[in-house]
Amino acid sequence: MKPETKKTKHQTTNPEPLIGAHESIAGGIYKAFERGESVGCRTLQVFTKNNTQWRAKPLTGEDITNYKTSQLESNISPVVAHSCYLINLCASNKETLRKSREAFIDELKRCEMLGIPYLNFHPGSHGGKGEEEGIKGIIESLNIAHEQTKGVRVSSILETTAGQGSAIGYRFEHLKKIIEGVDEPERMAVCIDTCHVFAAGYDISTDEGYEATITLFDEIIGLNRLVAFHANDSKKLLGSRVDRHEHIGKGAIGEAGFRCLMRDTRFVTIPKILETPKGEDLEEDRMNLETLRKLAGMQ
Ligand code: MN
Ligand code: MN
Ligand code: ZN
């Protein structure tokens with residue numbers, strides 16, 4: 001008899017890609033692990049509180065234990081937190097700015113308690129006062145937040161934006177200015193949202209465009225600052241400055257762009273997280289994760 005030489009899926013030289021999705025925390029933040037596992041996530045993004053409200057009930061000891069136990073029992077790491085959408089760190093309205101800073105500080109503390117290393121946030125919208133002023137405001141808010149969370153190990157993650165309305169962060173230069181302007185740049189990192197950069201005008205839909213974009217990011221910000229990707233295709237065209245997420249491969253970026261990302265050996269250990277549309281049964285997450293695995297060359 002011949003010896004069995006058939007290779008199993010687990011013996012491939014490619015590791016399973018570090019991909020996941022944003023999952024709901026309905027019923028408790030720890031429930032996101034169950035949802036993530038059920039669709040095949042290896043990494044995860046969550047809100048640390050109700051996303052549509054300024055205030056949150058403080059985390060209880062039980063919340064924290066449930067969360068940590070669920071993570072240990074799962075195959076999921078790291079977790080990225082996405083901050084509340086109400087937060088605008090350069091709001092012109094004094095009350096909104098105060099609430100934003102307070103909420104951001106609270107979220108940094110919640111992440112620390114849960115052992116979440118990254119708090120992703122949208123830099124802010126200047127609301128008409130101009131990008132320069134907006135960037136100044138964001139820097140000031142981050143300095144206050146970091147000052148009031150000394151010793152907290154959570155990194156503040158600037159997300160690239162599509163540049164909708166008066167949103168700051170649709171040019172890599174904006175993020176560079178913010179990072180260089182804060183007192184503790186070592187607490188800052190960046191998440192590239194593929195839909196947003198594309199809508200902002202960085203053409204990652206082709207091999208050449210993808211390479212050029214990553215090279216530009218490296219020159220302006222530095223790849224050492226990059227800690228996560230949001231993997232979203234775009235319903236809108238290159239440079240549209242409109243933020244509409246589409247299923248992977250079905251939008252204006254298309255499979256070619258995501259193939260570049262999934263096969264980029266520089267980013268093997270960097271989480272790639274879906275924020276694509278889905279229904280209650282999370283079937284679309286399974287589909288999009290499968291597409292990403294396929295594009296990584298896994299299937
Ligand atoms: Mn976001
Ligand atoms: Mn995003
Ligand atoms: Zn978006």
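Points to keep in mind about this one:
- Helix-only mean residue ellipticity at 222 nm for the chain, each DSSP H run of n ≥ 4 adding -39500 (n - 2.57), per residue, nearest 500: -12000 deg cm²/dmol
- Ordered by the number of other Cβ atoms lying within 10 Å of each residue's own Cβ, fewest first, ASP281, ASP243, ASP203 fall into the sequence ASP281, ASP203, ASP243.
- Nearby lysines by direct alpha-carbon distance to LYS294 (threshold 19 angstrom, same-chain neighbours under 8 apart not counted): LYS7, LYS9, LYS250, LYS272
- Viscosity 1.567 mPa s, temperature 4 °C, Stokes-Einstein D of region 156-264 from Kirkwood C-alpha radius, µm²/s: 94 µm²/s
- Part-to-part distance (alpha-carbon centres) for region 143-186 and region 83-100, which is given in Å: 14 Å
- In summary, the lysines within cross-link reach of LYS57, defined as a Cα separation below 28 angstrom excluding same-chain residues under 8 places away, comprise LYS31, LYS49, LYS68, LYS94, LYS99, LYS109, LYS150, LYS278.
- Taking a ≥ b ≥ c as the square roots of the Cα gyration tensor eigenvalues, the chain comes out oblate, since a/c reaches at least 1.5 and a/b does not exceed b/c.
- Loop-located trypsin sites (Lys or Arg not before Pro) in region 27-72 (DSSP state other than H, G, I, E, B) with a sparse environment of at most 12 neighbouring Cβ atoms within 10 Å: ARG55.
- For the pair TYR85 and LYS294, label points projected 7 Å from Cα toward Cβ lie 2.9 nm apart.
- Unit charges at the beta carbon, dipole of region 19-295: most positive-side option, LEU261, ILE192, ALA81: ALA81
Where a number appears in this text, it was derived from the coordinates with a stated rule and is not lab data. The model shown is predicted, which means the values in this text are computed figures rather than measured ones. Please note: Cβ atoms are built from the backbone with ideal geometry, for glycine as well, and neighbour counts cover all protein chains shown.
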